[in-house]
Structures are given as structure tokens and as C-alpha cells.
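As C-alpha cells, the structure follows; a few thoughts come after it.
Since every read-out is calculated from the coordinates, none of them should be taken as a lab result. A quick note: this is a predicted structure, and the numbers were derived from the prediction, not measured. Neighbour counts are summed over all protein chains in view; Cβ atoms, including those assigned to glycine, are modelled from backbone coordinates with ideal geometry.
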Amino acid sequence: DAGVIQSPRHEVTEMGQEVTLRCKPISGHNSLFWYRQTMMRGLELLIYFNNNVPIDDSGMPEDRFSAKMPNASFSTLKIQPSEPRDSAVYFCASSFSHGELFFGEGSRLTVL
Amino acid sequence: SQKIEQNSEALNIQEGKTATLTCNYTNYSPAYLQWYRQDPGRGPVFLLLIRENEKEKRKERLKVTFDTTLKQSLFHITASQPADSATYLCALPFNAGKSTFGDGTTLTVKP
């Protein structure tokens, strides 16, 4: 398996623009997680899905953030409108029944 | 509230020595605890999982202990090598299995 695949790896955008991050989990995994990592706050869980259903989005910072998982092989995290404080590395991870997490390589977002 | 603390942000040791990293937690009784390794510019990679009924677990040069009374896990790397230099994160399944991560300890092994 190719592992968890995230795109884009790097995104530079201007404040106010919409950003969409994409994730393909490992086939057969039933849980998908979106994390954000910054120097100040470390690795924070934003939202997680189980069997494509959002279970807990309490970590989503505000309404500008939304996440979807239309099927077992694809998820998106959208920020609209983006702000400079959203600059971070966003990781997608998948697992089978809350076992070990397999992380993607991350999407580094810079909002100017 | 539940909290995870990992000892000092940075740990520097000489090659060949044993590195010991600490993960403390409060206000929680986890069923298990995980350790991950993260290299710069990469996602975290799973290393070991230890369950509450296990005192110790080993994998090659890695050893993890879990003391549920002290609410502490120790992560040891024996015969450390420069290639072991990385950030090590502990994670606990707070809130229905959602993994919450500590801030990590950056280990540097000097030749």
C-alpha cells in the first residue's frame, strides 16, 4: 500500500482565499483523522471520522473550517476564508478500529 | 482536564548511551499509550503501543514502560545512534479513542 496520501504538500495563498486539502487513507482503514501541527500548539486533533461519518469535530477552530468524507477513500479539509493564523502543517492519519495511526506526509499551508 | 507532559523539549546524548524520555499524564486512566517518532518535514511514525496491563514492552533497541500508578511512561533507546535523532511523541486515547499527543521531546544523538 502507498500509505496515506495527502495533497498538496505545500500551499501558499493569500488571506481570504479558499484552501482545500485532500487525503486518501489507507485502504481498509475505517477511521480518519485530521490534525494540525504548529510550534506553539503542537499536534492538535481537528476532526475524526469513523466509517465516513464525522464523530467529533470539537477540535475544529471555527466555522471557517469544514471537513468531508464522501467515501472511504477520500477526505477533504476546507478553510474558507483563510487567515494568516491558519498557517500550519495539516496532517491526515488513518487507522483500523482506533489502532496505531498512519500519518501522511502533511500539507504545509502558508497564508500571507 | 486531561493533560500530557513530556520531559524537556530537547535531550542531547552521546552515541552509544541510553536515551530515556518521559511521558506523564493526569486526570485519566488510559487503556493504552503509544509512542511515535517524527522526523523534520515528515509525519509521525508509530513505534510502540503498550497496554495498561503491560509493565514493559520491547522492540529491538526500544523499550517502553507503563506505570499506571505513577501515570507515567518511560521510553528508552539503548545503544543510541545519530540516526535515532528525531522528535518522539507520546499519545493517549483521550475521549473515545481519539489520540491526543504530547508536545514531544527532540532527541539529538551526537557521534
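Which value at 222 nm does chain B reach when only helices count, each DSSP H run of 4 or more adding -39,500 (n - 2.57), with the total divided by all residues and rounded to the nearest 500 deg cm²/dmol? Intermediate results must be reported in sequence, preceding the final value.
Details: 1 runs with 4 residues, N = 111.
Theoretical 222 nm ellipticity from helices: -500 deg cm²/dmol.
Over all residues in B:46-56, what is the mean tally of Cβ atoms on other chains that come within 10 Å of each residue's Cβ? If you can, show how the numbers build up before the last one.
On the way: counts 7, 1, 1, 2, 0, 0, 0, 0, 0, 0, 0.
Rounded to a whole number, the mean comes out at 1.
So what J values fall out for segment B:101-111 if you push phi through Karplus, 6.51 cos²θ - 1.76 cosθ + 1.60 with θ = phi - 60°, rounded to Hz, Gly and Pro as x?
Taking θ as phi minus 60°, the curve returns 9, x, 6, x, 10, 8, 9, 10, 9, 9, x Hz for segment B:101-111.
Could you work out the relative contact order of chain A? I mean the mean sequence separation of Cα pairs under 8 Å and 6+ apart, divided by the number of residues, in percent.
Working: 288 pairs, mean separation 42.0, N = 112.
Relative contact order for chain A comes out at 38 percent.
Scan around residue B:5 for amide H atoms under 5 Å from its own, H built in the peptide plane at 1.01 Å from N, and keep only partners 5 or more places away or cross-chain.
Counting only residues 5 or more places away or on other chains, the set is B:24, B:25.
Among B:51, B:42, B:61, whose mean-square fluctuation peaks in a Gaussian network model of chain B (Cα, cutoff 10 Å)?
B:42
Restricting to bridges with both residues inside the protein assembly as shown, how much of the DSSP beta-bridge set is antiparallel, in percent to the nearest 5?
Details: 72 of 81 bridges.
Of all bridge pairs located within the protein assembly as shown, approximately 90 percent are antiparallel.
Alpha carbon centre of segment A:26-101 versus segment B:1-48: separation in Å?
Here the answer is 22 Å between Cα centres.
Output ³J(HN,Hα) for segment B:34-43: one whole-Hz value per residue in order, computed from phi by the Karplus curve 6.51 cos²θ - 1.76 cosθ + 1.60 with θ = phi - 60°, and x for Gly and Pro.
10, 10, 10, 10, 10, 9, x, x, 10, x
Determine which residues of segment A:56-73 fall in the zone a paramagnetic label at residue A:5 would reach in this model, i.e. backbone nitrogen under 20 Å from the point 7 Å along Cα→Cβ.
A:68-73
Using θ = phi - 60° and the Karplus form 6.51 cos²θ - 1.76 cosθ + 1.60, what ³J(HN,Hα) does each residue of segment A:29-42 get, whole Hz, x for Gly and Pro?
6, 10, 10, 9, 10, 10, 10, 10, 10, 9, 4, 6, 10, x
Under 5 Å between amide hydrogens, which residues at least 5 positions from residue A:83 or on another chain qualify, with H placed 1.01 Å from N in the peptide plane?
Amide H neighbours of residue A:83, under 5 Å, 5+ apart: A:16.
Charges only on Cβ, +1 for Lys and Arg, -1 for Asp and Glu: so what's the dipole of chain A about the Cα centre, in debye to the nearest 20?
160 debye
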